[in-house]
Amino acid sequence: MRVRLGRECVYVPSCRFGLYVALRHWCPPGGRVLMSPVNDDVIFFVVLAAGLRPVQAPLNPLDASIDIDAVPDEVWGSVSAVLTTNLYGNPDPAPRLRQKCDALGIPLFEDGAHAIGSRVGDRPVGAWGEASVFSLSKHVGAKAGGMLSLADPGLREAVEKTCAGLLAPRRTSAELAYLIRPYAEAAVRGLRLRRAAWSAIRLLGLADREEIRMPLRPDELALAARRTPGLDAHHPWVRVDMHDYRLEAGRLRLRRIGRGLDRLDDVLDACRAGTELLLSTPWAKPRDAYGTQPLFRVPLFVADRDAAVAALARRGIVVGYLYDPPLDDYAGAEFTDPSPAPEAARWFARHALPVDPLRARAVAEVLERSGARPVRAPGEGELPGNRPTPGGLGQSRD
C-alpha cells in the first residue's frame, strides 16, 4: 500500500477504526465534518463517536460525489474538516477539495474503502488528504483489516500509539471463527442453504439489521452523545456488520490478508473488464461521468430498483451496498445538519443499483430479461444511446 499510494501506511483492523483514529487525531471534539449523505451509516456513527457533528453535503446525482459549488459559503465557513466517500470507486473531486481545504485551513480525509485502484487527477484516491482509510474486506476479499495512510510520515509513531490504545485484545475464538468462515460460506453456497443460514443467524441474535439502514434508536443515541468522544458509547452502532472492527489481528488473519493483497491486481483487472461491459448497457449513465473508475460496484440506474433487486435475487445474485434513505433523512436534524439541496442524494439513493463488475454479464442478462427500465437523472436530457444488443453482452468477460 505504501507503493500504491506513495505515502506512509499503518495497518488497522478495519476501515472504520482507521477513520476514527484519523478524526480524533486532527479534529477536536465539537467540530463539524462535511460528508456525503449517501454513505454507510456506520461511517456516520464513527463521526458521532469522535465527538463531531456530521454536515451533509449536496451531491452530484450521477456519482454521489460532493458537489463543491452547491455547498453554501456559510456551510464552508462552519466546517472543520471534509470527508470524501468515493462511492463504489467513483472519486470525489479531491483536487478541488484539496484546494478548498487548504484555503480554509482544514483537513481533508479520504474514505477509500471502495476505491483501491481508482485515481483522480494525477494521483491515486487516498493520496490527497491529510489521512485516508481503506478497507481490505472489499477488493482484497479478506473480510478483515484496513489501512490508514498518512501524508506526513512523521506522524506514524503517534498514530500507531493511538491505535494501540484503542485496540481490543485478540481472542483465539475470534481468530478460529475468522479462519473457518470462508469454508462455511462456501458450504452454504454449494448446498444452496442461504435462507436456512440467514434464519439461523437471526435466531442466534447475530443479525445486525433487517433493512438497508440499521435501527437508529434515537433515545439511546442521544444518551451516547453525552459520552463522546469515545468508541465505547457508540459501540452498538459502530460494530454493525463487523463485530471485530477493533480487534487486534492474529497471524492467521494477517496471512490471509497478505495473500489477498498479492492477488489484488488480478482482481482489479477483472473488475475493469466488468465495468467496461456495464457502462455500455442502457442502465448506465454517460461514460465521461465515471471513466472506468467504479471498480467495486457500478451504479446502474433503474426506474424500479426494488423489482430489479428481486429479479437478481431469483438468480442468486445479492445486491448490497445500498444507502437508502440518505443520512439526513435517516437521522434527522437532531443528529446531523441536513443537506441544503437534498434531492440529488434522494434520487441517487432511490434509483442506483450497485452491480458487482465481476458479475457483469449475468446481471446485464437478468436486467434485460426482466424488462428493467432505465431512469433519467434530475436535469438529464435523453438517455444514453449506447444500448447494446443481447449478443453484444457476450463480448466482454464476466
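The values are calculated or read from the model by the stated rules, or taken from the named source; none is laboratory data. All values reported here derive from a predicted model rather than from experimental measurement. Please note that ligands, DNA and RNA were not included when accessible areas were found on the heavy atoms of the full protein model with its side chains. Shrake-Rupley method; radii C 1.70, N 1.55, O 1.52, S 1.80 Å.
Structural remarks
- Carbon plus sulfur fraction of accessible area for region 33-116, probe 1.4 Å, in percent: 48
- What the Cα convex hull of region 95-165 gives, in volume per residue, is 97 Å³.
- Taking 16 Å as the straight-line reach from the Cα of residue 100, none of the lysines fall in range once those fewer than 8 positions away in the same chain are excluded.
- Carbon/sulfur fraction of accessible area - region 221-371, other protein chains in place, 1.4 Å, %: 48
- Note on region 262-321: percent of Cα-Cα distances in each 5 Å bin, starting at 0 and stopping at the bin with the largest distance, equals 4, 16, 23, 23, 20, 10, 4, 1.
- Applying the Kirkwood pairwise sum to the alpha-carbon positions of region 1-150 produces a hydrodynamic radius of 15.0 angstrom.
- Region 276-360 - convex hull of alpha carbons, volume per residue in Å³: 114
- Probe 1.4 Å, accessible area per residue of region 41-116, Å²: 25
- Value of Rg/Rh across region 1-42 [Cα atoms, Kirkwood radius]: 1.02
- Think of a 1.4 Å ball rolled over the protein heavy atoms: region 251-328 then has 42 Å² of accessible area per residue.
- Cα centroid separation, region 284-348 to region 27-93: 16 Å.
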